[in-house]
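Please treat every number below as a calculation from the coordinates, not as lab data. Every value quoted in this text rests on a predicted model; they were computed, and no experiment measured them. In this analysis, Cβ positions are derived from the backbone assuming ideal geometry, glycine residues included, and neighbour counts consider all displayed protein chains.
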Amino acid sequence: MEEGIFFTAQISGRERLSTFAAMAGAMARSGAASRPLSSLLVVTAALALAASVVGAADAEERDGVAPTLLISFDGFRASYLDAQPESALPNLNALWREGVRASLYPRFISKTFPNHYSIVTGLDEEHHGIVANHMWDPNMKAEFTLRSKGTEWWNEGEPIWVTASRADVRTKTYFWPGDEVVVNNRRPDVFFPYDSKTTFEERVDVVATWMRDANAKIDPNTRRPSPSFMALYFEEPDAAGHAHGPYSAQVEAAVRRVDEALGRLRDAVGDGPWNDTNVVVVADHGMAPLSPTRVVNLGDDACGMNFTSLFVTGDGIVAHLWRRSGPAEQNPADDGMTIDEARATARAVTACHPNVTAWAREDVPPRLRYSDNARIGPVVVAADVGYLMCGYASFDSKVRRRLNLDESSDLATARASDPANWALAHVADAGCAPACVGGDAGTDGDGVEKESDDSMYADECGGSHGYDNAAPEMRAVFLARGPLFRSDGARLVGELGYESSEAEALVGDDAVTSVGSVHAGTTRDAERWQARTLAFDNTVVRSVVATGLGLDLDPASVMPDGAPPPRVDGRLDEELVNLLFRDGVGVRSGPSGDGARGALTPDDDDDGGGGGRDGTARVAVVGVVGAIVVGAIVVAARGYVRRGDANSAYAKLGSVFEPGGGDAEETEIEMPEVRVEGESAGPRVFASLTEGDDGEGETSGGGTAARTS
Ligand SMILES: [Zn+2]
């Protein structure tokens, strides 16, 4: 206790709270089981002191509302930033050192489109409906591919740019999955049809003009730049990770390349606008290495599953199995599989291989939050981390091309002519065994994953993702800097939850060396940091960005357009607010007792805000006190219960091939005209865009290659 008081005198308000919380948690863990009452008293006393100290926080804080830029570096695994010397990545590290660093849990499945949409909608995949890069909707009787832009696929969630637009905040996006889609009759004010050939430099230069423009628009009331939402997407280091694996020199080079892009952006923006912008760097998922020794051939005779009788969507990491009610070429799936049939099928598939797990949709473990959507197949099949499944010949058009069969030839007949019924699959599997020789398989000259027959399996040889979202390999980077965020270069470590006391902020050298690192920049150190760095659900990012934009996302509130904001799954709780944001920022002012969810609303009133913040700080502390006391009681009752069950429970999962299908007809619907702005937006801004102008004929052409996935 004395140590705690002595230490407290030397640190700021936020660290005080964390320190006391850590102390209380440690005490609860070490002694509470045997001496519950005394421990509880100690914890309570410590927190009472913490409350009194924090209640006196300075009043000069800013509310953090500013132009806010959300950047995604696809597949930027959390460990990548530690795997190279700090000097090799000067711009990413500067963002961290002038801001704050944590990491993100992707949603299951840890794929690109589902997670980009979770980040901007705040919803788990089962709730926003983009449950895979390749999926089947039994109600629409249609297949979703990376090119599907119909509203009906995307409107189960509301992306942040739509919510911001409803609040009259300007929105501009450069290649965020889903940004071309009309949702709730809105699209971003500026966006571009996806084109992987657009250079990183070209994207950055346009976004720099956005940032300068945004910061030139001064709100007459606050005399600060008006909020404005911007988003920017890069395909790397995902493409390099797929082709060469997460530990490759090529991935290190790709990470340096995006670091350079970030540096170019900062240089082009200039110090003033850069400092006045909230910059949030995220990724959709991490990357796990594949190996020729970790291939699961579901076509092996020993398995005995007749996959050709099923319709399969998904890929070699996670696949969905549907009943195939007709010939392979028509009516490819129906949703008529009963739960008993699904469970029997799941048992049979699980029995195929020790590193493959299948569940009936209703039986997917609740922690994966992957049951509640009709687009999730009756049977979900997942490979263990680092494993790759193949052997079910579901990707008919690619199999046809591989076998030089005419598009109209009957695959079912071809399969039936094979006594083992698996020859076709095994032909495809010739490429399934990863040819991990460090070649350029799966990428074009720009290092961007190409969509071609050759990539069917070869592009998966080096690395993949989609696995259990609790796996450390799947964790994604999170960096944030700007008026909203703490600026001491903290690395947040520990875990949030009812043992919230374990979360703390490391600053200075501790943020780099406290895992005992002597040789910075090694894979081993990177993985140790990856396991220790605090991770939170990527569905929280939406609320973080909304706070930067000054949006009130309290579901009880009414937005400027007269409707409430949509509900979200990600919860930006008091402790995360406290860890990520500047002191007092992001906390609702006003009378105490305003409720925890009020924390999402910044105080817009500069005058007299201090008193309100003090009041809210007390509310926050009361919340933390409550949480920790509850935690102490639970610990006392049950002994030390490890919180990280999720981390150790990801034992059984695996990897699947991106079919890159696109053969199914997509349903086009009538689209309203959208607002478009031409100013400083480069040559490809749409003017009076309607869906008719952007039909499949154009998008399936060479100019808009599929994203990496
Ligand atoms: Zn991705």
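The simple spin-label model puts a point 7 Å past each Cα toward its Cβ; for residue 487 and residue 168 those points are separated by 3.0 nm.
Over the stretch 463-516, the pair-distance histogram of Cα-Cα distances with 5 Å bins from zero comes to 4, 14, 17, 22, 21, 14, 7, 0 percent, rounded to whole numbers.
Taking the mean number of other Cβ atoms within 10 Å as a proxy for protection, how do you rank 573-581, 216-224, 149-157, 118-126 from highest to lowest? Write out the running numbers ahead of the final one.
Numbers: 573-581: 24.1, 216-224: 11.7, 149-157: 20.2, 118-126: 28.7.
Per-residue mean Cβ counts within 10 Å order the peptides as 118-126, 573-581, 149-157, 216-224.
Figure the gain on full extension for residue 350 and residue 362 (residue separation times 0.36 nm, minus the Cα-Cα span) and round it to one decimal in nm. Show your work: numbers first, answer last.
Numbers: separation 12, 0.36 × 12 = 4.32 nm, distance 1.58 nm.
Extending this stretch completely gives an extra 2.7 nm.
Peptides 199-205, 369-375, 170-176, 277-283 ranked from most to least packed give 277-283, 170-176, 369-375, 199-205, packing being the mean of other C-beta atoms within 10 angstrom over each peptide's residues. The packing ranking, built from the mean of other Cβ atoms within 10 Å per residue, places the peptides 544-556, 181-193, 105-117 in the order 105-117, 544-556, 181-193, highest first.
Between residue 140 and residue 205, 0.36 nm times their residue separation minus their Cα-Cα distance comes to what? Let's see the in-between values first.
Values: separation 65, 0.36 × 65 = 23.40 nm, distance 4.03 nm.
Gain in length upon complete extension: 19.4 nm.
A Förster radius of 30 Å, combined with the Cβ-Cβ distance separating residue 514 from residue 271, puts the computed FRET efficiency at roughly 0.45.
Going down the list 197/217; 111/149; 111/141, which pairs span over 20 Å between their C-alpha atoms? The partial results should precede the final answer.
On the way: 197/217 32 Å; 111/149 18 Å; 111/141 23 Å.
Cα-Cα > 20 Å for 197/217; 111/141; rest within.
Spin-label model, residue 524/residue 507: points 7 Å from Cα along the beta carbon direction are separated by 3.2 nm. In units of the rule-of-thumb radius 2.2 N^0.38 Å, the stretch 221-274 shows an alpha carbon radius of gyration of 1.60.
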